[in-house]
Amino acid sequence: MRSLLSQLLFFCFTVGPFLLAPCGIGLYGQQRFSFLDDEQNAFVQSELRRLTLRQKAGQMTQVAVDLVFEGPTYVLTVPPVLSDERVDRIVGELEIGSILNHPSRSYPSPIEYRLFIGELQAKAMETTGIPLLYGQDAIHGANYIGGATLYAQPLNLAASFNTELARELAGITAYEMKAASIPWNFSPAMDVGRNPAWPRTWESFGEDPYVNQQFGLAMLQGYQTDSLGSRTGVVACLKHFTGYGSPRSGRDRTPAYLPERQLREYYLPQFQTAIDSGALTVMANSGEVNGVPVHVSKYLLTEVLRDELGFEGLVVSDWQDVRYLYERHHVARDLKEAVKMSIDAGLDMSMTAVTTDFPEMVVELVQEGELTEARIDTSVARILAVKVAMGLYEEHLWDPADFPDFGSDKFARKAMQSAEESIVLLKNDGLLLPVKPEQRVLLVGPTADNMRSLNGGWTYSWQGDEADTYLEEFNTIREALEREFPDRLTYVEGASFDTLRNADEAVTAAADADVIVLCVGELSYTEDVGNINSLVLPDAQRRLFNRLNETGKPIALIMNAGRPRLMSKMANRSQAVIFAGYPGPHGGDALAAILSGRVNPSGRLPLTYPRQPNALLTYDHKYTEELNGNYNPLFDFGAGISYTDFTYSELNLSSRVLNPNDTLEVSVRVTNEGDRAGKHSVLLFTSDLVASVTPSVLRLRKFTKLHLEPGEYRDITFALTPADVSFIGLGNLPVTEPGTFRVTVGNLTEEFDFEE
Ligand code: BGC
């Protein structure tokens, strides 16, 4: 009689895969993907059987497109020239399955992209018969494609609190990427920027997990459209899994320390929602969490992401991050060990970027018995499954002529809307704004006349440093104000970012002005290039403010920046304050329209604006953190006013008691009491009055945006479930504890009890 073990083995290797695979159980690479049908699943398996180990290792590799062009990496010739020899090497010999980026220093048109991607795809089909997966970072529009529609950066979109707009904009990005035959977008970043110094704060949707979840979802849906593989959709990549937005030092890619409860409260829910809504790719966080680089964290990449969150798609590394495991993190002795560790942890594709030794290491590790081929098959199956789901085998090149709306006015109007709705008016003493028809305006400051301070990074280059060249046709703030206030605008630079220039001239010009518009802030940057040692603005900008303030003329202060650079003294002494963030190419026009009153501002802060350098609390802090006046930000999360007055009344709950399977309806009347039409975002917060884990003072649970004419009111209703007011409890699982909860909308509050 056969032993139990041998019977089990017989079952596993013969009958099992056929019986179990259709039930969704993966065995030795024979996983079944719920997002594929039977035929597609069978196809993935047959592809696996067909491929050699080398070819599989190639599928797991992603390189920068620079490697197939003539010339040195990062500084290709302009225009770029495709190298037959390099295409043969990368796609032909190494059989690499994925490419990213744009040819350095060039921003090809859709037609140009199609030409070279066409050659790469033809080579791939001729060698492996598997289409390449081409990806780019199109985080505020298809920013590496010449002439594409760019719009406000993610932090600004969050400030608009308009998820429908975000969905539409993501749809525009997908359409324009597809026009250039690029079907994969490394966006949305749902990192939850909770350390305001972090140089990628502006790439996130701010400090609140619910806002990140809602905007991440909206953009995912916009990118992927209704069906995977649709002509106008691309596949989104959720990033950066997870905990990236909270480096302790505030510097990019440095350690985050996240107790399990925090991790689950702030850094997983947005990924869970997006995965449940069809996300197929995830990029790993390049940093470390609790001492373990995420690229070697089996806990995060496999136990949490796959086993708990149920993610079935592919996990791609961030830029060179497998190599960095030994070059930077010191957890591996050499590249080979790093490759083994990352694959053991759950990585599927390595963004080796500018090196090509990864696939060779994979082959060697399997040949040496350090990795099993079955483990490789698991990753390759995921990669192929994504390619199949996207329909790439059938179609991997698109005709730009089929995308007539590329760069159209129709799309530009949406981009303009994103700028208008995402600029936040924070203070308007004495109704300084809008500028009155006869008033003369003096415009001053380092962010007044450049496109970099309106657009941020990932704008026609990684650092956004070429924005002034490529976005020349758009108006800087100066250009837009010259049109808005013809014959009554004077511009004097006054200071660069860190050096006083012609401040005397600005002071002299102030004598003839009724209003000074002072534009301060930052240039564009991202990642470690944007690291700072202090949130305080460079001295020159503060000195410029002081000089102008001494003139006694009213100041409208505009902060163009990717994070809340401190401006407390300046804001206190300015009559009007605007946080413009990075509103995109139309930002100058939008600001001009807001300053003149043609547009009524409607943005609200998606982060807490600190007053002091060491007081960086978020709005959802704990009670002990606000004792003795210790929570006193310059502007609170959600701050943002309008040229009209919105008031709230009649906050009503459908019941005073919420039971486990119930839904509580919370209604409120919003009235436009002023004399201008305007848009307004309504934010609903809850407070758990007593809980076993110290509760946050407030948590945002719902929001919506409406437009109201003067005198108009609207009754809106939010539905709250017990899950909406849950928290990660002592057992590190979501719980809703019986007790009293307070609902806050604006200045109104009501209470209800949750009873089991
Ligand atoms: C960034 C990612 C980006 C990748 C590819 C990395 O440096 O961290 O956000 O997707 O590069 O460009």
Quiz item: Can you list the HN-Hα couplings for the range 715-727, worked out from phi with the Karplus curve (6.51, -1.76, 1.60; θ = phi - 60°), rounded to whole Hz and with x for Gly and Pro?
Solution: 9, 10, 10, 10, 9, 10, 10, x, 4, 5, 10, 7, 9
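Rank D226, D84 by accessible area, highest first, at a 1.4 Å probe radius? Spell out each step's value before the answer.
Working: D226 165, D84 105 Å².
In descending accessible area the options line up as D226, D84.
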Practice problem: Could you please put R565, R611 in sequence from largest to smallest accessible area, using a 1.4 Å probe? | Solution: R611, R565
Quiz prompt | Area accessible to solvent at Y470, 1.4 Å probe radius, in Å² | solution = 80 Å²
Self-check item: Length released on extending from T624 to E473, taking residue separation times 0.36 nm less the Cα-Cα span
Solution: 49.2 nm
Self-check item: Nitroxide proxy distance, nm - points 7 Å out along Cα→Cβ at K298 and D514
Solution: 7.1 nm
Quiz item: What full-extension length gain, to one decimal in nm, is calculated for D344 and L82 as 0.36 nm per residue of separation minus the Cα-Cα distance?
Solution: 90.7 nm
Quiz item: Hey, what's the range 423-629 come to in accessible area per residue, 1.4 Å probe, Å²?
Solution: 36 Å²
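Among 150-156, 318-324, 65-71, what's the highest-first ranking by average C-beta atoms within 10 angstrom per residue?
Details: 150-156: 31.7, 318-324: 23.3, 65-71: 20.9.
Taking the mean over residues of other Cβ atoms within 10 Å, the ranking is 150-156, 318-324, 65-71.
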Practice problem: Rank these by accessible area, largest first, 1.4 Å probe: K553, K239. | Solution: K553, K239
Self-check item: Solvent-accessible area of V363 with every protein chain in place, 1.4 Å probe, in Å² to the nearest 10
Solution: 20 Å²
Quiz item: Can you give the accessible area of K436, probe radius 1.4 Å, in Å² rounded to 10?
Solution: 70 Å²
Practice problem: Would you grab the residues whose amide H sits under 5 Å from the one on Q153? Only those 5+ places off in sequence or on another chain, please, with H modelled 1.01 Å from N. | Solution: Y582, G584
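Over the range 423-629, what is the relative contact order in percent, taking alpha-carbon pairs closer than 8 angstrom and at least six residues apart? Mind dumping the intermediate values first?
Values: 414 pairs, mean separation 64.2, N = 207.
Across the range 423-629, relative contact order equals 31 percent.
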Self-check item: 19 Å reach of a label modelled at T749, 7 Å along Cα-to-Cβ, counting backbone N of the range 654-689
Solution: 654-658, 666-669, 683-689
Exercise. Using θ = phi - 60° and the Karplus relation 6.51 cos²θ - 1.76 cosθ + 1.60, list the HN-Hα couplings for the range 201-208 in order, rounded to whole Hz, with x at every Gly or Pro.
Key: 3, 5, 8, 9, 9, x, 8, 9
Exercise. Run the numbers on the chain and let me know its relative contact order in percent, using alpha-carbon pairs under 8 Å that are six or more apart.
Key: 12 percent
Quiz item: Roughly speaking, to the nearest percent, how much of the chain's 1.4 Å accessible area is carbon and sulfur?
Solution: 49 percent
Quiz item: Could you give the distance between the Cα centres of the range 620-672 and the range 164-234, to the whole Å?
Solution: 27 Å
Self-check item: Normalised contact order of the range 219-340, rounded percent, pairs of Cα under 8 Å and 6 or more residues apart
Solution: 22 percent
Self-check item: Label point distance in nm, F35-S277, each placed 7 Å from Cα along Cα→Cβ
Solution: 1.4 nm
Exercise. Post the alpha-carbon centroid distance, the range 692-749 to the range 473-490, in whole angstrom.
Key: 43 Å
Quiz item: Where the centroid of each part is defined by its Cα atoms, how far is the range 567-589 from the range 280-334 in Å?
Solution: 38 Å
Quiz item: Which whole-number value in Å² is the accessible area per residue of the range 367-409, probe 1.4 Å?
Solution: 41 Å²
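Multiplying the sequence separation of R328 and S726 by 0.36 nm and subtracting their Cα-Cα distance, what value in nm do you get?
Extending this stretch completely gives an extra 139.4 nm.
The values are calculated or read from the model by the stated rules, or taken from the named source; none is laboratory data. The structure presented is a predicted model; accordingly, all values stated were derived computationally and were not measured. Virtual Cβ from ideal backbone geometry, glycine too; neighbours counted across all protein chains shown. With ligands, DNA and RNA removed, areas are computed over all heavy atoms of the protein, side chains included. Shrake-Rupley method; radii C 1.70, N 1.55, O 1.52, S 1.80 Å.
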